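Comments concern the structure below.
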Amino acid sequence: MDTYELRQTLFVEILLPLNLKNTFTYRVPFELNEEVIVGKRVSVPFGKKGVMAGLIYAISELPPKKYEAKYIFDIVDSEPIVSESQLAFWSWMSRYYMTSLGLVYNAAMPAGLKMEGESKMVLQPEFDSSAAILDAREVLIIEMIRANKEFSIAQASKVLKIPQIHKYVKSLYLKGAILLKDDIQETYKPKVISYLKISDTLQDSKALNLLFDELEKRAKKQLQAVMTFISKYSITGECEKTELVKHGVSNAAINALIDKDIFTVEEREKSRITFTDGDAKLEELQPAQLVAYEAIQQAFLERKPALLYGVTGSGKTHIYTHFIKEYLDKGQQVLYLLPEIALTSQLIGRLQAYFGEQLVVSHSKFSKNERVEVYNAVAEGKPLLVVGTRSAIFQPFSNLGLIVVDEEHESSFKQHEPSPRFHARDCAMYLAAKSKSHVILGSATPQIESFYNANHNKYALILLTQRYKGATMPQIHVVDMQEQKKQKRIRGIFSDTLLNAIADAKSKGKQTILFQNKKGYVPVLECNVCAWTPKCENCDISLTYYKYQDNLRCHYCGYTHQVINECATCGNKGIELIGYGTERIEDELQLYLPDLNIKRMDYNTTRLKNAHSKIIDAFARGEIDVLIGTQMVAKGLDFEHVSTVGILNADHLINFPDFRANERAYSLITQVAGRAGRRAEQGLVYIQTSKPDHFIIQKIVDNDYQGMYETDLVERQHFDYPPFHRLIKIQLKHKDALHLYKLGNVAKSHFINYFGDRMLGPEKPYVSKIRNWYILNFMIKLENNGAVIKEQKHKLAAAVDALEKNKDFSQARIIVDVDPV
């Protein structure tokens, strides 16, 4: 039988990191048949881009029906870098959140593993062109490569004016004429460290004395470098080059000694993941914590997620650490999800003391190379504790035993931009179910949907009602700002009551946290004659004034403008500062209480890597008297000497037009208040508001989460909101406002045909233009029934697809957001 008749023809489905609805089918060259494995990267011809890196998603013997499959160029990996369980997770996320699989792939993979560049052709060294049968165009390509040593596919197509260049590249590749050199460049580069040691020939005393004499005469700085090396690391030791520089030795002296073969240098790869020894013992659980611990164990036996509802300062983290140790000791991996990078800074120090080199951290402030090393460490399957923000859900776990979602109520777990718009807590639930691992959700103010699930036996509810080691809950004072204003006891945004409390805390050696959820100096500048305000050119929002950068800035698109001293409408020079951002609060507090050391913790002071850690560490050491912050200061931070907390403007929280406003106001104020008095002394909390009798303020004072939950639940049931109904938001965007409103009416009629009275909208959002895109929102309310939701999602996909095919919508964007928060 002919050998060729035995050849198996394979086709692979390739996943590309693009917003495309489908995978693409490629043919596998016969000689690569044994190397194709799901999860490996391949280089493939794709469109005008020339070549792209894709991921093998599936393998079959079925060719595509609608087009002729192109050949893959090469297989990049010797082993799969993505497991089939990861691909299954991505596929679920794509379906559930109604987004393309390519965008999930793009979000899930570290940038350093996505690869970049394009194929370069080089001659195969053993290829004999005289013995080969080549097409005329193939000969042209060979000559071009020979003249230039290497040539990219794109260059060849352009210079030789060959439209179907990939056909000839494939042919030459299969004939063994060319190799594809670095066809996809890895963007990940290992960290390489230079290690120094003294040459072996100089390590006896006679040779060393001769060297010292010679250097003494001609090169004293080099002699000093050698002496420093020997004193710090011994004559037979070694050190990193950078470490020797830290001891006052110049690079010039070191390089001269290397040139003279006095120092030998060896380049070695070094992990960017920094480990420390973990030899601290876990604190013993208090009786109440032990009861909670055993209740969680029982929940795990019943295969239920555990909702740990514990008041602020009740020691939830201590319970987590005991479970983490238990699962690491079993040889399993643990994922610890946090809503903010700020929280990781303080927590990591504590966890490193316990778990040492078993701890790795995953968040967006890491460089692309660090992210690759974390990814590879997790992929090895060793028992590791992975601490990270929402993106850590994409780590390649192969041996997952436990997921902890701390501060599970936080909206930061939801991804808004770009797609996929996933919620890390809900994804953790799916991941745990598929990997047969367990989940602990922890919060002092659980999300209403989570508490509802716990009350309806979907989750196990575990309560911690007392603070750790007998610490008392803080005493809450509601400061009536209307009354203080009448009594002329207000200075700027501060009541006399709060200023006195801050001064009193300082006199006792204690610290204060002030909360204001507004960045910058002031949120609005306004003409005091015609009320004109400077707005962003790209967004429908006022520009925020930043005093220290001396500019106006948009929080949505980053647009900046010089500070305005004159009204653009009436020419009036009376421009007033309206409102208070964290910068202005810092400035004014320094005027009223000049002896205080005050710092801010907001987005602008924490943008750089490790900036969070530096502020938090300084505050923990007592170097800062008052920490002013946005919601970063509300989430899980634990400081021993904080006795006083001030919420500077509670009205902004309780007046927000959203069905979650009550829940969020209760949660945020309670969480901030919980930073006070977490040790022996009772803390003091001051809530400044013009509505002291508001329902939510009273529930906060009474620490009555149950009352807030029951009242809100009645309203939500009446108006068809979660947990009784599920929401899907459809956002329609266009760069022409008038055209958008016309399209909005068309889309409304279209959607009503599919969904009837389940569909609401279109409505302009609070910010109706962002980055020059005008926005309209639609909302679908669906009964909380799995079959109904699945059916309606299919209908929505069809409805959106029909609109996208309508030429009137060609310049519009349609964005689907499942479970918006």
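The values are calculated or read from the model by the stated rules, or taken from the named source; none is laboratory data. The shown structure was predicted, so the numbers you read here are calculated from the model rather than taken from an experiment. Here the Cβ positions follow ideal geometry from the backbone for every residue, glycine too, while neighbour counts run over all protein chains shown. Ligands, DNA and RNA are excluded from the accessible area calculation, which covers all protein heavy atoms including side chains. Shrake-Rupley method; radii C 1.70, N 1.55, O 1.52, S 1.80 Å.
Name the one entry in ALA69, ALA154, ALA107 that is modelled with pLDDT under 80, surrounded by 15 or more Cβ atoms within 10 Å (Cβ to Cβ) and not in a strand (DSSP E or B). So that I can check it myself, show each step before the final result.
Numbers: ALA69 fails: modelled with pLDDT under 80; ALA107 fails: modelled with pLDDT under 80.
One residue alone meets the criteria, ALA154.
Checking PHE619 against (1) more than 30 Å from ARG371 (Cβ to Cβ); (2) within 29 Å of the chain's Cα centre (by Cα); (3) among the aromatic types (Phe, Trp, Tyr), only one condition comes out false. Which one?
Among (1) more than 30 Å from ARG371 (Cβ to Cβ); (2) within 29 Å of the chain's Cα centre (by Cα); (3) among the aromatic types (Phe, Trp, Tyr), the lone unmet condition for PHE619 is (1).
Give just the number: which of (1) within 22 Å of PHE397 (Cα to Cα); (2) open to solvent by 60 Å² or more (accessible area, probe 1.4 Å); (3) in a strand (DSSP E or B) does SER85 not satisfy?
The single condition SER85 does not satisfy is (3).
Can you report the number of residues in region 694-719 which are outside any helix (DSSP H, G or I) and either in contact with an Asp or Glu (Cβ under 9 Å, 6 or more places away or on another chain) or within 21 Å of ASN784 (Cβ to Cβ) (or both)? Explain how you work it out, then say what you get.
Going through region 694-719, the residues outside any helix (DSSP H, G or I) turn out to be 694, 702-704, 719.
Those left that are additionally either in contact with an Asp or Glu (Cβ under 9 Å, 6 or more places away or on another chain) or within 21 Å of ASN784 (Cβ to Cβ) (or both): 694, 719.
Total meeting the criteria: 2.
Exactly one condition in (1) touching a Lys or Arg at 6+ places or on another chain (Cβ under 9 Å); (2) within 25 Å of ASP704 (Cβ to Cβ); (3) among the charged types (D, E, K, R) is false for LYS316; which is it?
Evaluating LYS316 over (1) touching a Lys or Arg at 6+ places or on another chain (Cβ under 9 Å); (2) within 25 Å of ASP704 (Cβ to Cβ); (3) among the charged types (D, E, K, R) leaves (1) as the failure.
Determine the pairs where a residue that is at pLDDT 90 or above, located within region 455-469, has a partner that is of a type in the set (Gly, Ala, Ser) and assigned to a strand (DSSP E or B) with Cβ atoms under 6 Å apart, the partner being 6 or more residues away or on another chain.
Pairs found: ALA460/ALA306; ILE462/ALA306; LEU464/GLY310.
Might you let me know whether region 720-737 holds any residue that is over 24 Å from PRO657 (Cα atoms), part of a helix (DSSP H, G or I) and either open to solvent by 60 Å² or more (accessible area, probe 1.4 Å) or among the hydrophobic types (A, V, I, L, M, F, W, C) (or both)?
First, pick out the residues of region 720-737 that are over 24 Å from PRO657 (Cα atoms): 734-736.
Filter again for part of a helix (DSSP H, G or I), leaving none.
No, that holds for no residue.
So in region 650-705, with the set limited to residues that are touching a residue at least 12 places away in the same chain (Cβ under 8 Å) and among the acidic types (Asp, Glu), which one is nearest to ARG716 (Cα to Cα)? Reasoning before the result, please.
Our first condition is that a residue be touching a residue at least 12 places away in the same chain (Cβ under 8 Å); within region 650-705, this holds for 650-654, 657, 659-660, 662-692, 694-697, 699-701, 703, 705.
Subset that is among the acidic types (Asp, Glu): 651, 663, 681.
Values: ASP651: 22, GLU663: 11, GLU681: 39 Å.
If we take residues in region 650-705 being touching a residue at least 12 places away in the same chain (Cβ under 8 Å) and among the acidic types (Asp, Glu), then GLU663 is nearest to ARG716 (Cα to Cα).
Pairs only if they're at least six apart or on different chains, beta carbon under 9 angstrom, first in region 200-216 and assigned to a helix (DSSP H, G or I), second acidic (Asp, Glu); list them, first residue then second.
THR201/ASP261; LEU202/ASP261
Evaluate the following for THR644: is it of a type in the set (Val, Ile, Thr) and farther than 20 Å from ASP504 by Cα? Before you say what the answer is, go through the steps one by one.
On the way: of a type in the set (Val, Ile, Thr): yes; farther than 20 Å from ASP504 by Cα: no.
No: the conditions fail for THR644.
For region 414-428, name all the residues that are open to solvent by 10 Å² or more (accessible area, probe 1.4 Å) and under 24 Å from LEU668 (Cβ atoms). Give the steps one after another, and end with the answer.
First, the residues of region 414-428 that are open to solvent by 10 Å² or more (accessible area, probe 1.4 Å): 415-419, 421, 425-426.
Result: GLN415, HIS416, GLU417, ARG421, ARG425, ASP426.
Taking region 249-270, which residues are open to solvent by 60 Å² or more (accessible area, probe 1.4 Å) and among the small types (Gly, Ala, Ser)?
The one that is open to solvent by 60 Å² or more (accessible area, probe 1.4 Å) and among the small types (Gly, Ala, Ser): ALA252.
Counting only residues that are part of a helix (DSSP H, G or I) and free of Cβ contacts under 8 Å to residues at least 12 places away in the same chain, which one in region 790-821 is surrounded by the fewest Cβ atoms within 10 Å (Cβ to Cβ)? Quick ask: steps written out before the conclusion?
Step one: of region 790-821, the residues part of a helix (DSSP H, G or I) are 790-805, 807-809.
With free of Cβ contacts under 8 Å to residues at least 12 places away in the same chain added as a condition, the list becomes 790-791, 794, 801, 804-805, 807.
Values: LYS790: 12, GLU791: 12, HIS794: 10, ASP801: 11, GLU804: 12, LYS805: 9, LYS807: 6.
Among those that are part of a helix (DSSP H, G or I) and free of Cβ contacts under 8 Å to residues at least 12 places away in the same chain, it is LYS807.
Which ones in region 198-240 are closer than 16 Å to LYS260 by Cα and among the hydroxyl-bearing types (Ser, Thr, Tyr)?
Hits for region 198-240 are SER199, THR201.
Cβ-Cβ under 7 Å, sequence separation 6+ or interchain: first residue in region 477-491 and closer than 10 Å to THR689 by Cα and touching a residue at least 12 places away in the same chain (Cβ under 8 Å), partner assigned to a helix (DSSP H, G or I) and among the β-branched types (Val, Ile, Thr). Which pairs?
Listed by first residue and then by second, the contacts come to VAL478/ILE697; VAL478/VAL701; VAL479/THR497.
The rows are residues; the columns are (1) within 29 Å of LEU179 (Cβ to Cβ); (2) in contact with a Pro (Cβ under 9 Å, 6 or more places away or on another chain); (3) modelled with pLDDT of 90 or more.
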site: PHE30; (1), (2), (3): yes, no, no
site: LYS40; (1), (2), (3): yes, yes, yes
site: PHE46; (1), (2), (3): yes, no, no
site: ALA88; (1), (2), (3): no, no, yes
site: SER94; (1), (2), (3): no, yes, yes
site: LEU103; (1), (2), (3): no, yes, yes
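Anything in region 379-396 that is out of contact with any Ser or Thr (no Cβ under 8 Å at 6 or more places or on another chain) and among the β-branched types (Val, Ile, Thr)? List them, or say none.
The one that is out of contact with any Ser or Thr (no Cβ under 8 Å at 6 or more places or on another chain) and among the β-branched types (Val, Ile, Thr): ILE393.
Mind listing whichever residues of region 751-789 are farther than 30 Å from ILE541 by Cβ, open to solvent by 40 Å² or more (accessible area, probe 1.4 Å) and among the aliphatic types (A, V, I, L, M)?
Keep residues of region 751-789 that are farther than 30 Å from ILE541 by Cβ, which gives 752-758, 782-789.
Going one step further and asking which of them are open to solvent by 40 Å² or more (accessible area, probe 1.4 Å), we end up with 752-754, 757-758, 783-787.
Residues satisfying the conditions are ILE752, ALA787.
Within region 282-294, which residues are touching a residue at least 40 places away in the same chain (Cβ under 8 Å) and surrounded by fewer than 17 Cβ atoms within 10 Å (Cβ to Cβ)? Give the derivation first.
Step one: list which residues in region 282-294 are touching a residue at least 40 places away in the same chain (Cβ under 8 Å), which gives 282, 286, 288-289, 292.
Answer for region 282-294, where residues must be touching a residue at least 40 places away in the same chain (Cβ under 8 Å) and surrounded by fewer than 17 Cβ atoms within 10 Å (Cβ to Cβ): just LEU282.
Scanning region 371-397 for residues that are over 22 Å from SER437 (Cα atoms) and open to solvent by less than 30 Å² (accessible area, probe 1.4 Å), which turns out modelled with the lowest pLDDT?
Start the filter on region 371-397 by keeping residues that are over 22 Å from SER437 (Cα atoms), which leaves 371-373.
Filter again for open to solvent by less than 30 Å² (accessible area, probe 1.4 Å), leaving 372-373.
Values: VAL372: 78, GLU373: 81.
Once the filter is applied, the top-ranked residue is VAL372.
Search region 445-482 for residues being charged (D, E, K, R) and either under 23 Å from GLU410 (Cα atoms) or part of a loop (DSSP other than H, G, I, E, B) (or both), and hand back the single one that is nearest to the chain's Cα centre (by Cα). So that I can check it myself, show each step before the final result.
So in region 445-482, the residues charged (D, E, K, R) come out as 449, 458, 467, 469, 480.
Still in the running and either under 23 Å from GLU410 (Cα atoms) or part of a loop (DSSP other than H, G, I, E, B) (or both): 449, 458, 467.
Details: GLU449: 24, LYS458: 28, ARG467: 31 Å.
The selected residue is GLU449.
Would you mind stating whether GLN352 is open to solvent by 10 Å² or more (accessible area, probe 1.4 Å) and modelled with pLDDT under 90?
On the way: open to solvent by 10 Å² or more (accessible area, probe 1.4 Å): yes; modelled with pLDDT under 90: yes.
Answer is yes for this residue.
Please enumerate the residues belonging to region 679-696 that are more than 11 Å from VAL479 (Cα to Cα), touching a helix residue (DSSP H, G or I) at 6+ places or on another chain (Cβ under 7 Å) and open to solvent by less than 10 Å² (accessible area, probe 1.4 Å).
ILE696
Name every residue in region 550-585 that is of a type outside the set (Lys, Arg), free of Cβ contacts under 8 Å to residues at least 40 places away in the same chain and over 17 Å from ASN528 (Cα atoms), in order of residue number. Write out each step before concluding.
First, the residues of region 550-585 that are of a type outside the set (Lys, Arg): 550-552, 554-572, 574-583, 585.
If we keep only those that are free of Cβ contacts under 8 Å to residues at least 40 places away in the same chain too, we end up with 550-552, 554-555, 558-566, 568, 571.
Matches in region 550-585: ASP550, ASN551, LEU552, CYS554, HIS555, GLY558, TYR559, THR560, HIS561, GLN562.
Check GLU526 against each of (1) within 30 Å of ILE624 (Cβ to Cβ); (2) buried (at least 17 other Cβ atoms within 10 Å of the Cβ); (3) acidic (Asp, Glu) and name the one condition it does not meet.
Result: GLU526 fails condition (1) only.
Check off (1) modelled with pLDDT under 90; (2) in contact with a strand residue (DSSP E or B) (Cβ under 8 Å, 6 or more places away or on another chain); (3) not in a helix (DSSP H, G or I) for HIS612 and give me the number that stays unchecked.
(3)
Residue-by-condition table, conditions (1) farther than 27 Å from LEU101 by Cβ; (2) of a type in the set (A, V, I, L, M); (3) open to solvent by less than 10 Å² (accessible area, probe 1.4 Å):
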| site | (1), (2), (3) |
| --- | --- |
| SER412 | no, no, no |
| ALA433 | no, yes, no |
| ILE440 | yes, yes, yes |
| ILE448 | yes, yes, yes |
| ASN453 | yes, no, no |
| HIS456 | yes, no, no |
| GLN466 | yes, no, no |
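With (1) surrounded by 16 or more Cβ atoms within 10 Å (Cβ to Cβ); (2) of a type in the set (Asp, Glu); (3) more than 34 Å from the chain's Cα centre (by Cα) as the list, and ASP712 as the residue in question, which single condition is left unmet?
Condition not satisfied by ASP712: (3).
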